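**Q** Please find one structure pasted underneath; my questions will follow.
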Amino acid sequence: MERLWRLWRGRTMTFGVPLLLYLVGGSFGLREFAQIRYDVQKLHGKVDPALKEKLKQNTVTLESEYEKLEKSDLDNWENIRGPRLWEDSRTVQQQRREAIRLKTE
């Protein structure tokens, strides 16, 4: 009886068995929550057929985007400073417009 009591009070029963129960129980619980997630996606994941057709018609390829990029002029650009958090955006825009107007005159 004392041997059984020592085994029960040992480190294996104190720490090891609860850890194993926690790991095994957690994996089963996680499986259930994941299954609920997939079931909800199956119910609410239905797409409207009109939207599905629209998505099929709107095909954007890498080549078409590359052609658009080739047509744009990337060599002539100007860095425009935006307003800081503490600045009023309208005053910064007015100053910018004045600077452009003075440059063109």
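**Q** Out of the total accessible area of segment 5-63 (probe 1.4 Å, heavy atoms of protein only), what percent is carbon and sulfur? Please report the intermediate quantities before stating the final value.
**A** Working: 3990 of 6040 Å².
Within segment 5-63, the accessible surface is 66 percent carbon and sulfur.
**Q** Related question: Kindly report the accessible area of the chain per residue (heavy atoms of protein chains, probe 1.4 Å, no ligands, DNA or RNA), in Å². If you can, show how the numbers build up before the last one.
**A** Values: 11130 Å² over 105 residues.
Accessible area per residue, the chain: 106 Å².
**Q** Let me ask another. With the alpha-carbon atoms as the only input, what is the per residue convex hull volume for segment 46-89 in Å³?
**A** Working: hull volume 8.3 nm³, N = 44.
Taking only Cα atoms, segment 46-89 has a hull volume of 188 Å³ per residue.
**Q** Please give the calculated 222 nm ellipticity per residue for the chain, where each DSSP H segment of at least 4 residues contributes -39500 (n - 2.57) and the sum is spread over every residue; nearest 500 deg cm²/dmol?
**A** -22000 deg cm²/dmol
The values are calculated or read from the model by the stated rules, or taken from the named source; none is laboratory data. Everything numeric in this text was worked out from a predicted model, so none of it was measured. Note: accessible area is taken over every heavy atom of the protein model, side chains too, but ligands, DNA and RNA are not part of it. Shrake-Rupley method; radii C 1.70, N 1.55, O 1.52, S 1.80 Å.
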